[in-house]
Amino acid sequence: MKNIFSNIKGDLFGGITAGIVALPLALAFGVSSGLGPSAGLYGAIFISFFAALFGGTNTQISGPTAPMTAVSMVVIAGIIAANDGDITKAMPAILTVFILAGLFQIILGVVGLGKYIRYIPYPVVSGFMTAIGVIILLTQILPSVGYYPKEDVEFVNTFKPEAQEIILENILKEQVGEGTLVLDNFKETINNAQNISLEDVTRESKTLAAKEASGALGALKVLPRALKNINLLELLLALGTIVIIYGFKRITLKIPSTLVALIVMSGIAVGFNLDYRTIQEIPSGIPIPKWEIFTDFSLTNVTPYIFTALTLSLLGAIDSLLTSVVADNMTKTKHKPNKELVGQGIGNTIAAIFGGIPGAGATIRTVVNINAGGKTKISGMIAGIMLLVIMLGLGPIASKIPAGVLAGILITVGIGVMDYKGLKAIPHLPKDIKIGPIKLSSEVLIMMVVLLLSTFWNLVYAVGIGLVIASLMFMKKIGDLTAKRSDVKSLKEEVWSDEINFPENLKEEVFIKHLKGPLFFGSTSEFQALSQQIPETAKTVIMRLGKMQYLDQSGLYAMEDMLLDLKKRNIEVLFVDLLEQPRYMMERIDIIPDFIPLKHIFKNFDTCVLWVKENIKDEF
């Protein structure tokens with residue numbers, strides 16, 4: 001205990017400072033997610049406290065982040081739309097998905113996958129982070145100009161025919177489910193249809209309008225309408241917030257400019273009694289668990305989102321561990337990646353039970369904590385407690401914050417989260433692939449594919465596709481490199497230093513194959529051409545395998561096919577310096593000893609030469 005409290009003064013100041021910095025972002029991310037500012041606050045409170053308590057990075061401050069909120073926003077919008085636009089009905093399914101994401105993170109940590117997160121290719125991460133920035137920017141244009149699609153009567157009315165169709169379809173589905181949709185009782189169907197009220201149609205039309213305008217693509221679709229219906233006051237509040245955030249940084253970095261902008265612009269709006277749009281009301285009481293998650297649980301509602309929950313957990317893992325690396329560099333310490341994932345998973349699970357949105361390690365808040373003196377887990381826990389105190393004491397006041405101010409804050413977050421390092425490198429990366437007449441950089445291609453698919457289609461699938469493309473390109477490069485280095489030549493064309501004294505009279509009968517690098521599915525096609533390259537004069541092939549460190553199943557069967565072909569041609573094969581892993585693989589399917597008897601496996605080239613001299617006759 002003495003160790004934990006050894007830096008209590010620094011941790012106290014670091015935690016309080018980080019908590020203050022987190023406040024405007026938590027509110028903004030909550031509003032952006034679609035669940036409201038309280039969901040952002042609950043997420044920040046519980047994730048910060050429990051991720052610090054159970055995590056593996058002493059100085060990490062966790063909470064809602066831009067990437068996690070962007071993915072959560074898609075999940076929330078989809079589940080709400082599936083529940084007829086009723087957020088109350090959708091809430092149990094939404095929070096269950098978030099709980100699953102937290103549990104998946106715990107599992108990732110327990111099974112020790114934390115150390116493998118770093119193998120995700122940089123172009124995939126870069127394209128994804130830039131896409132997050134673009135999505136936030138596009139989706140915040142609408143609230144920053146005071147345009148809300150559900151409140152645009154003319155726009156909503158365009159969806160009334162479709163709304164009526166959906167309501168009728170739902171009536172028919174309900175009756176099919178109950179077994180009452182029969183010809184004898186069709187009057188009931190007609191009566192139900194006639195009882196559809198104008199309010200029902202309007203409500204469904206608003207849901208369809210909100211769905212049409214959701215996401216980056218939706219925002220672009222309704223942008224012309226938004227620009228025709230600008231609310232000047234909301235726009236000025238958003239612009240004022242942006243100007244203060246960037247301007248105040250030039251004066252000092254000791255006070256968070258985001259907090260200054262929040263206080264100043266909210267003060268102006270309230271002080272001058274302006275007719276502005278406020279954020280949703282923030283509850284002032286102690287957070288209460290959402291027991292309906294368990295009482296209203298339905299597996300069918302959650303099943304379609306299991307893959308999304310897994311993606312959320314992986315994204316949170318990447319986000320958190322990247323921040324842990326930043327913290328390590330600043331504090332000269334070493335984090336525990338698997339323990340950090342368990343801590344983040346516990347934090348996200350508990351936050352979801354209380355209605356909070358998921359989060360991860362937050363780089364800016366962690367840096368603020370370290371710079372303010374935070375050194376132990378206590379600082380992250382204090383940040384969470386600080387936010388709880390603010391919510392309990394200032395909830396009613398915080399409820400008066402203008403929505404335009406939070407939109408302005410999120411616009412600066414969107415600008416800041418983009419990967420400018422990756423974007424600046426685009427013109428300088430080598431153009432290593434050719435698509436038709438156009439030469440491109442494979443890394444730029446991956447980055448742009450992930451960026452465009454994430455922004456305009458699906459964040460989850462975009463990352464998966466990016467990983468697949470990156471993996472295929474990597475395998476092709478390694479395969480090409482292996483094939484280039486590993487060729488079949490007679491001793492007259494290529495001689496290693498220990499082959500110089502090989503008997504001159506046997507050089508027509510004996511060929512040497514130098515295998516350099518792994519034999520895996522990316523290089524098997526070139527390897528399979530080996531037997532065709534060996535001329536008819538060859539009676540023996542010596543395969544030097546000291547540089548073939550790895551053999552996968554595809555390579556194993558390619559090796560078997562080649563040996564079978566050589567055996568049919570009565571060509572003997574000798575192995576030299578066969579390493580442990582390839583030998584183990586060959587023994588599993590009896591290549592050794594069926595094709596290569598133990599007496600044909602040599603520890604070094606010299607002993608192999610002695611065998612050749614004794615057993616191979618000069619025939620040419």
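Computed from the coordinates by the stated procedures, all read-outs in this text should not be read as laboratory data. Predicted model, so just to flag it, every value in this text is computed and none were measured. With ideal geometry, Cβ positions are generated from the backbone for all residues, glycine too; neighbour counts draw on all protein chains shown.
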- Message: Could you work out [θ]222 nm for the chain from helices alone, using -39500 (n - 2.57) per DSSP H run of at least four and dividing by all its residues? Round to the nearest 500 deg cm²/dmol.
- Response: -21000 deg cm²/dmol
- Can you list the lysines whose alpha carbon sits under 24 Å from that of Lys173, skipping same-chain ones fewer than 8 residues off? Lys89, Lys160, Lys187, Lys206, Lys211
- Item | Computed label-point distance, nm, for sites Phe13 and Ile415 using a 7 Å Cα→Cβ extension | 3.1
- Approximate spin-label separation Leu274-Ile196, in nm, with each point projected 7 Å along Cα-to-Cβ: 4.2
- Any aspartates and glutamates whose Cα falls less than 16 Å from that of Lys336, other than same-chain ones fewer than 8 residues away, would be Asp319, Asp328
- Listed here are the pairs Lys339/Lys375; Lys115/Lys375; Lys476/Lys513; which of them are more than 20 Å apart at the Cα? Lys115/Lys375; Lys476/Lys513
- Given H placed on each backbone N at 1.01 Å, which residues far from Lys513 in sequence or on other chains put an amide H within less than 5 Å of it? Ile542, Met543, Arg544
- Query: How large is the dipole of region 263-354 about the Cα centre if only Lys and Arg carry +1 and Asp and Glu carry -1, each at its Cβ, rounded to the nearest 20 debye?
  - Reply: 420
- When Lys and Arg each count +1 and Asp and Glu each count -1, what net charge do the other residues less than 14 Å away from Pro67, Cβ to Cβ, add up to? -2
- Query: Which entry in (i) 19, 49, 25, 6, 0; (ii) 21, 53, 24, 3; (iii) 17, 38, 25, 16, 4, 0 is this structure's computed P(r) over Cα pairs in 20 Å bins from 0, in percent?
  - Reply: (iii)
- Message: Between Ala81 and Leu227, how high is the FRET efficiency from 1/(1 + (r/R0)^6) when r is the Cβ-Cβ distance and R₀ = 22 Å? Nearest 0.05.
- Response: 0.30
- Whole-Å distance, taken between Cα centres, linking region 592-607 and region 54-131: 53
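Count the DSSP beta bridges whose two residues both fall in the chain, then state the antiparallel fraction as a percent rounded to the nearest 5.
Details: 8 of 22 bridges.
Given both bridge residues lie in the chain, the antiparallel proportion sits at roughly 35 percent.
Please report the equivalent ellipsoid semi-axes of region 420-474, computed as sqrt(5 x eigenvalue) of the Cα gyration tensor, largest first, in whole Å.
On the way: eigenvalues 75, 39, 20 Å².
Working through the eigenvalues yields semi-axes of 19, 14, 10 Å.
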- Note on the structure: Tyr276 neighbourhood, Cβ < 12 Å, K/R = +1, D/E = -1, net charge 0
- Label-point separation (nm) for Lys334 and Phe307, each offset 7 Å from Cα along Cα-to-Cβ? 3.9
- Task: With only Lys, Arg, Asp and Glu charged, each at its Cβ (+1 for the first two, -1 for the last two), find how big the charge dipole of the chain is about the Cα centre; round to the nearest 20 debye.
- Result: 2320
